[in-house]
Structure formats: C-alpha cells, structure tokens
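What follows is a set of notes on a single structure, which appears directly below.
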Amino acid sequence: MSPAAELLLERAAELDAGPVPSPCISVCRMSAETGFCEGCFRTLEEIAAWGMQGDEERRAVWRLLVDRVQEGKA
C-alpha cells in the first residue's frame, strides 16, 4: 500500500461530526492507469465538485475513497 493510501486511511478514521476536511495532500497528479489522483484518490469530477458539497456528501466521498484503497482500485 502506498504512503498516500496509508495516510488517507488514517485521516478517514479521524472523521467525526465536525467539518469534513479535504482528502487532498497536495500530491496533485492524475494516474493515467486508474483515472484517480495519486494523492487523494479522487476523480477529476469529485475534485471539482468538492467545494460545492455539504458535509454529508463529503463524508460519502471519503467512504468511497476508503473503499477504493481497501479494494486495491487506487
């Protein structure tokens, strides 16, 4: 598992009822193989939508990212 994936899983475990932080870790490089950012594992569409999403939608994105990492898709 990549260091970025390990960091994402650590940060996801810390999410609570407060404001939802961005999963961005400033490694903004899209993988041609997966279509995901190599730092946060989001698609371009997910990255673009983040600023307009509420906390529940953001938590749903975090759950999706955790699934991607755990299933080895990212």
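Assorted remarks:
- Members of region 23-54 that are over 19 Å from Lys73 (Cα atoms) and either open to solvent by less than 40 Å² (accessible area, probe 1.4 Å) or without any contact (Cβ under 8 Å) to a residue 12 or more places away in the chain (or both): Ala48, Ala49, Trp50, Gly51, Met52, Gln53, Gly54
- Residue that is most open to solvent (accessible area, probe 1.4 Å) [pool: residues in region 63-74 that are among the charged types (D, E, K, R) and part of a helix (DSSP H, G or I)]: Arg63
- Unique match (being assigned to a helix (DSSP H, G or I) and more than 12 Å from the chain's Cα centre (by Cα)) among Ala48, Ala60: Ala48
- So Gly39, is it at pLDDT below 95, out of contact with any Asp or Glu (no Cβ under 8 Å at 6 or more places or on another chain) and not in a helix (DSSP H, G or I): no
- Checking each residue in region 3-22 for being assigned to a loop (DSSP other than H, G, I, E, B), open to solvent by less than 90 Å² (accessible area, probe 1.4 Å), over 15 Å from Thr43 (Cα atoms) and in contact (Cβ under 8 Å) with a residue 24 or more places away in the chain picks out Leu15, Val20.
- Among the residues making up region 28-59, those that are touching a Cys at 6+ places or on another chain (Cβ under 9 Å) and farther than 17 Å from Ala12 by Cα are Cys28, Arg29, Met30, Ser31, Thr43, Leu44.
The values are calculated or read from the model by the stated rules, or taken from the named source; none is laboratory data. Please read all numbers here as calculations on a predicted model, not as lab measurements. When we count neighbours, we look across all protein chains shown, and the Cβ atoms used for this are built from the backbone with ideal geometry, even at glycine. Calculation scope for accessible area: heavy atoms of the full protein, side chains included, ligands and nucleic acids excluded. Shrake-Rupley method; radii C 1.70, N 1.55, O 1.52, S 1.80 Å.
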